Amino acid sequence: MSHTRISPALRQAVAERSGHRCSYCQTAESITGSLFTVDHIVPESLGGQTALDNLCLACWECNLLKHDRIIATDPETGATVRLFNPNTQAWREHFSWQMVGLLIVGLTSTGRATVNAIRLNRPALVNARRLWIQIGSHPPQD
Ligand SMILES: [Zn+2]
């Protein structure tokens, strides 16, 4: 969670770098009716800096569910692994869309642990995706 104030310029740089999407669930900020938060990838409580390299855009729920964690359990192997780092790892190497964008599946230990820990297929989000798919606004094409 964020405690240090983030300047508008830094927030803008983070949002642009994240493609104005949540770095975890990939929801586009423009279709949610709310401005997303800035997540400290390594939380301040663990020494993470308020600097572009350690910040990403995240929707409110992903930010809340991630909380101050940097590790989680891969539900398939039981291994403890680092959560997905959107600034050093490519989303598409760790996750993929299933059912035309309704569900996110983890492709790697990191992907599976992150899907599980941040609940990237939480029911309210899956319901919203169903609507976004119908209007052609989801999933992201790049
Ligand atoms: Zn999210």
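What follows is calculated from the coordinates using simple rules that are stated; it is not laboratory data. What you see is a predicted model, and the numbers here were worked out from it, not measured in a lab. Neighbour counts run over all protein chains shown; Cβ positions are idealised from the backbone, glycine included.
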When residues of the stretch 30-63 are limited to those that are in a helix (DSSP H, G or I) and near the ligand (Cβ under 10 Å from one of its atoms), the one surrounded by the fewest Cβ atoms within 10 Å (Cβ to Cβ): Trp60
For the stretch 95-108: of the residues being touching a Ser or Thr at 6+ places or on another chain (Cβ under 8 Å) and of a type in the set (A, V, I, L, M, F, W, C), which is farthest from the ligand (Cβ to nearest atom)? Leu107
Do the conditions hold for Arg92, that is, is it in a helix (DSSP H, G or I) and either under 14 Å from the mean Cα position of the chain (by Cα) or within 16 Å of the ligand (Cβ to nearest atom) (or both)? yes
Within the stretch 64-81, take every residue that is acidic (Asp, Glu) and in contact with a Ser or Thr (Cβ under 7 Å, 6 or more places away or on another chain) and give me the one that is farthest from the ligand (Cβ to nearest atom). Asp74
Number of positions in the stretch 68-81 that are of a type outside the set (D, E, K, R), part of a loop (DSSP other than H, G, I, E, B) and in contact with a helix residue (DSSP H, G or I) (Cβ under 9 Å, 6 or more places away or on another chain): 4
In the stretch 95-115, which residue that is part of a helix (DSSP H, G or I) and among the hydroxyl-bearing types (Ser, Thr, Tyr) is surrounded by the fewest Cβ atoms within 10 Å (Cβ to Cβ)? Ser109
Test each condition in (1) farther than 25 Å from Gln134 by Cα; (2) within 15 Å of the ligand (Cβ to nearest atom); (3) not in a helix (DSSP H, G or I) for Cys25 and report the one that comes out false. (1)
